[in-house]
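For reference, the structure is listed below as structure tokens.
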Amino acid sequence: MDNDRIDQIIDKHQGEASSLIQVLLEIQRENSWLPKEILERVSEKLQVSLAQIQHTATFYKAFRLVPKGRHEIHICNGTSCHVRGAQGVIDTVQDLIGIRPGQTDLDSKFTLETCNCLGRCALGPVIEIEGKTHSKMSPAEAKDVIKKYE
Amino acid sequence: MAQIKSPEELEKVRQGILSGRDPSKPSISVCAGSACLASGAAEVIAAFKAEIKKQGLEADVDTKGAGCPGFCERGPVVVIYPEEICYLQVKPEDVSEIVSSTIKEKKVIDRLLYVDPSTGEKAVHEYDIPFYKKQMRLVIGDNIKIDPKSIDDYLAVGGYSALGKVIRSMTPDQVIEEVSKSNLRGRSGSGFPAGFKWESCRKSEGEPKYIICNCHEGDPGAFADRRLLEATPHTVLEGMIIGCYAIGAAEGYIFVGDEFPQTVENARLAIKQAEEYGFLGKNILGSDFDLTIKVYIDGGGYVLGESSSLMASMEGKIGEPRTKYDHATDRGLWAKPTVLNNLQTWVNVPLIINQGADSFSKIGTEESTGTRVFSLTGKVNNIGMVEVPMGMTFREIVFDIGGGIRGNKKFKALQAGGPMGGFIPENLLDLQVDYEEMKKAGLAMGPGLIVADENTCIVDMVKYYLTFLANESCGKCTPCRDGLRHMLKIMNRITEGRGQKGDLELLEILSEVQKSAALCALGQGASDPLRASLKHFRDEYEAHIEEKRCPAGVCKVLSTALNI
Ligand SMILES: Cc1cc2nc3c(=O)[nH]c(=O)nc-3n(C[C@H](O)[C@H](O)[C@H](O)COP(=O)(O)O)c2cc1C
Ligand code: FES
């Protein structure tokens, strides 16, 4: 993302320091993660210290400070999915791709995330990959689904 | 659309919309809620549009993606008007038959109907299905008739008439009086009287005043608040607009996460439409009342749902809870008087204005009035969004509405109130949905109800909540930050077969200290599920510790040890 676009987003929020979170969310929506150069630009434009921005970006769960993989795997770990066996699914996927929730593998193929409830509890355990919902997953089915992604 | 300039003009516009619609014209509503979409509703809608075109019926039949009626278990849900025939689990392959038989020849297709598993009887209409029968769907009943993206649909079912009534004939004080009289209480579980909160804010001296709709809903496994915003965004807006009028606020915010992209999209679109129609903006319906409402996307984190964290985060700060010396109604957002209410609190406001406080307060119990929308999930047959009158027992919710336990298993517990809630065991299932009753039983009235059966391990479930909270604790105060970690350590050892004598007593002491010493409500409530489980399911803990056995067969190490 170039500086012009960053500036545009900041201007949209009247360049106010208090809109830091909204600015970062909007940048991340377009850029998928928040590289240091972007944070520096935001710091300069909003007159907020880089330390403060780091604090914000690490406190709020939505922000990502490392790049994402080509495929983002979201496994629901809401209570309903949990009692229906989500932990087994999470364990299996973790073993298969070798990363834990919140991480991206070294080939940048997968990013693994867990979430609190996708609102599709009737279909749980649920995995969502690129907007597609995989329902009623057993660990073995989850393995098959993940293997299809390159 | 030109802005509507008066309540009278609003009624004319409504009449215009209604007269352009023929109630006998066939209309197909497909639920376009996130759960049905995940089971293929978008493909079903596309198939209907294509089929109707193919059969040359475009002028004779309407098709719409509608708001979620709640029966997620059997989605995609399709309702066909004017007969109100309800088809479940509809697939694109069923569509051409539906158009040919049901739309053209008025024939019901048996295999798409609901079959009562106990009697084998088929239900043709929504209202014949036991899942809906026992509900009281005052808030969500019209969802399936309305496309959440269409303000005209909302107007067609009487939407914004409460706002019209308020502008035409009520003073702000009268609105507050009506809300107070209705005994509407905070639906986040606080049970705090909404009218009282509004009045304090109205009387507070600071200007400007703000209102916030809390749609954060951080509880894992709960989706009712966000689903409501997605399905009926205009009801939320109407409630908020009336609230602002009463309180004297000029700005409102909807605080919501963007995990459900559709929710945010529908809310934003609804605001835009309400502005175009003159329900938001300057001189609303020709009065001298101005208001803007904005969607504020939250940055993620359970604690943000708490009022001081929420307001700190809206100010761009770190969303850590603060000790409260002032009421938000005096010094809230930007240190100005602020009313923060849960989304479900706002949603009830149009209803109260329309039907009057007297009639509203007759629903429910003496102290808990109106209805409550829950997401009912877990090991229950009918997973979905349900609306019940206060005073209903949890047994009715689980067995009559929920249809009992999946696979004929035995019921073990109902979890209510999320990570700061508790468990309802079988012998307490006759407890009513009622703030006081639930408080006495150590429960909070959160939006989610999760059913656990005999194959669910309560110890594991508590460990799950403690893990969740240990990750979510902001870390500011020691009792919460370290207390949770210590409790979790003990829980891990119990579930891994290394539990020791005295562990349960230790857990009890830790949870007690945490409850009394933590800084904010998160820390204070964090061990509530643990305490409830120790009270009702102590034998399960003991089996783990003394016999090294997980009775439900969930705790991995213990179950495998058994198999060897
Ligand atoms: C840790 C924590 C999380 C909370 N999360 C929510 C939430 O997600 N949604 C909500 O409406 N209230 C939540 N609350 C309660 C709010 O602080 C506040 O009391 C509520 O929004 C007031 O609304 P009401 O009076 O309409 O119930 C939470 C409280 C705590 C302590
Ligand atoms: S708990 Fe997984 S979708 Fe709701």
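The values are calculated or read from the model by the stated rules, or taken from the named source; none is laboratory data. Just so it is clear, the structure is predicted and the values come from calculations on it, not from any experiment. Cβ coordinates were reconstructed from backbone atoms using ideal geometry, including for glycine residues, and neighbour counts include every protein chain displayed. Accessible surface is based on the protein model in full, side chains and every heavy atom, while ligands, DNA and RNA are left aside. Shrake-Rupley method; radii C 1.70, N 1.55, O 1.52, S 1.80 Å.
Per-structure values
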quantity: The lone exception for B:V349 - which of (1) in contact with a Phe, Trp or Tyr (Cβ under 9 Å, 6 or more places away or on another chain); (2) modelled with pLDDT of 95 or more it fails; calculated: (1)
quantity: Any hit, region A:73-85, residues being within 12 Å of another protein chain (Cβ to nearest Cβ), part of a helix (DSSP H, G or I) and within 16 Å of ligand 1 (Cβ to nearest atom); calculated: yes
quantity: Residue list for region A:58-72, filter: of a type outside the set (S, T, N, Q) and more than 9 Å from chain B (Cβ to nearest Cβ); calculated: A:R64, A:L65, A:V66, A:P67, A:K68, A:G69, A:R70, A:H71, A:E72
quantity: Conditions (1) within 14 Å of another protein chain (Cβ to nearest Cβ); (2) more than 16 Å from ligand 2 (Cβ to nearest atom): number failed by B:M385; calculated: (2)
quantity: Residue list for region A:113-150, filter: within 10 Å of ligand 2 (Cβ to nearest atom) and part of a helix (DSSP H, G or I); calculated: A:C121, A:A122, A:L123
quantity: Pair list, Cβ under 7 Å, 6 or more apart: region B:31-55 residue more than 12 Å from chain A (Cβ to nearest Cβ) and part of a loop (DSSP other than H, G, I, E, B), other residue among the small types (G, A, S) and open to solvent by 10 Å² or more (accessible area, probe 1.4 Å); calculated: B:A32/B:G65
quantity: Lone unmet requirement of (1) assigned by TED's automatic domain parsing to the domain that holds B:N283; (2) buried (at least 23 other Cβ atoms within 10 Å of the Cβ) for B:E178; calculated: (2)
quantity: Close pairs (7 angstrom Cβ cut-off, 6 or more residues apart or separate chains): within 13 Å of another protein chain (Cβ to nearest Cβ) and in contact (Cβ under 8 Å) with a residue 40 or more places away in the chain in region B:362-382, away from ligand 1 (no atom under 16 Å from the Cβ) and hydroxyl-bearing (S, T, Y) anywhere; calculated: B:T377/A:S80; B:G378/A:S80; B:K379/B:T456
quantity: Selected residue (criterion: nearest to B:S29 (Cα to Cα)) from residues of region B:56-89 that are away from chain A (no Cβ under 14 Å) and of a type in the set (F, W, Y); calculated: B:Y81
quantity: Verdict on A:I53 being open to solvent by less than 20 Å² (accessible area, probe 1.4 Å) and not in a helix (DSSP H, G or I); calculated: no
quantity: Among residues of region A:56-72, those that are away from ligand 1 (no atom under 16 Å from the Cβ) and part of a helix (DSSP H, G or I), counted; calculated: 3
quantity: Residue ID - farthest from the other protein chains (Cβ to nearest Cβ), chosen from residues in region A:108-139 that are among the charged types (D, E, K, R) and within 23 Å of B:F71 (Cα to Cα); calculated: A:K136
quantity: Residue list for region B:451-462, filter: more than 10 Å from chain A (Cβ to nearest Cβ), in a helix (DSSP H, G or I) and not β-branched (V, I, T); calculated: none
quantity: Output for region B:229-260, where each listed residue is closer than 22 Å to A:L123 by Cβ and away from ligand 2 (no atom under 15 Å from the Cβ); calculated: B:L229, B:A231, B:D258
quantity: Residue pairs meeting the criteria (Cβ under 9 Å; at least 6 apart or on separate chains; first assigned by TED's automatic domain parsing to the domain that holds A:V126, in region A:68-96; second within 16 Å of ligand 1 (Cβ to nearest atom) and assigned to a helix (DSSP H, G or I)); calculated: A:N77/B:F468; A:T79/B:G418; A:T79/B:P419; A:T79/B:Y465; A:T79/B:F468
quantity: Unmet criterion (only one of (1) over 30 Å from B:E73 (Cα atoms); (2) open to solvent by less than 10 Å² (accessible area, probe 1.4 Å)) for B:Y325; calculated: (2)
quantity: Residue check, B:S313 more than 30 Å from B:S161 (Cα to Cα), within 12 Å of chain A (Cβ to nearest Cβ), away from ligand 2 (no atom under 16 Å from the Cβ) and of a type in the set (G, A, S); calculated: yes
quantity: Filter result for the condition that a residue is open to solvent by 80 Å² or more (accessible area, probe 1.4 Å) and either free of Cβ contacts under 8 Å to residues at least 60 places away in the same chain or in contact with a Cys (Cβ under 6 Å, 6 or more places away or on another chain) (or both), over B:K12, B:K25; calculated: B:K12
quantity: Residue that is farthest from ligand 2 (Cβ to nearest atom), among those in region B:203-228 that are basic (K, R) and either under 23 Å from B:L449 (Cβ atoms) or without any contact (Cβ under 8 Å) to a residue 60 or more places away in the chain (or both); calculated: B:K203
quantity: Helices (runs of 4 or more DSSP H) fully within region B:315-373 counting 1 or more residues that are closer than 21 Å to B:M438 by Cα and of a type in the set (A, V, I, L, M); calculated: B:343-347
quantity: Matching option when the condition is of a type in the set (V, I, T), surrounded by 18 or more Cβ atoms within 10 Å (Cβ to Cβ), closer than 17 Å to A:C121 by Cα and not assigned by TED's automatic domain parsing to the domain that holds B:Y127, among B:V386, B:V339; calculated: B:V386
quantity: Residues within region B:317-328 that are within 27 Å of the chain's Cα centre (by Cα) and more than 11 Å from ligand 1 (Cβ to nearest atom), tallied; calculated: 4
quantity: When residues of region A:90-107 are limited to those that are more than 9 Å from every other protein chain (Cβ to nearest Cβ) and under 20 Å from A:K136 (Cβ atoms), the one nearest to ligand 2 (Cβ to nearest atom); calculated: A:I90
quantity: B:P117, sole failed condition from (1) surrounded by fewer than 18 Cβ atoms within 10 Å (Cβ to Cβ); (2) in a helix (DSSP H, G or I); (3) in contact with a Gly (Cβ under 9 Å, 6 or more places away or on another chain); calculated: (2)
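Results for (1) over 19 Å from the mean Cα position of the chain (by Cα); (2) open to solvent by 10 Å² or more (accessible area, probe 1.4 Å); (3) within 14 Å of chain A (Cβ to nearest Cβ), shown as yes or no for each residue.
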{"residue": "B:A231", "(1), (2), (3)": "no, no, yes"}
{"residue": "B:G243", "(1), (2), (3)": "yes, no, no"}
{"residue": "B:E259", "(1), (2), (3)": "no, yes, yes"}
{"residue": "B:E275", "(1), (2), (3)": "yes, yes, no"}
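Okay, residues lined up against (1) out of contact with any Lys or Arg (no Cβ under 7 Å at 6 or more places or on another chain); (2) farther than 30 Å from B:P69 by Cβ; (3) within 12 Å of ligand 1 (Cβ to nearest atom):
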| residue | (1), (2), (3) |
| --- | --- |
| B:K197 | yes, yes, yes |
| B:C213 | yes, no, yes |
| B:T235 | yes, no, no |
| B:Y253 | no, no, no |
| B:E259 | yes, no, no |
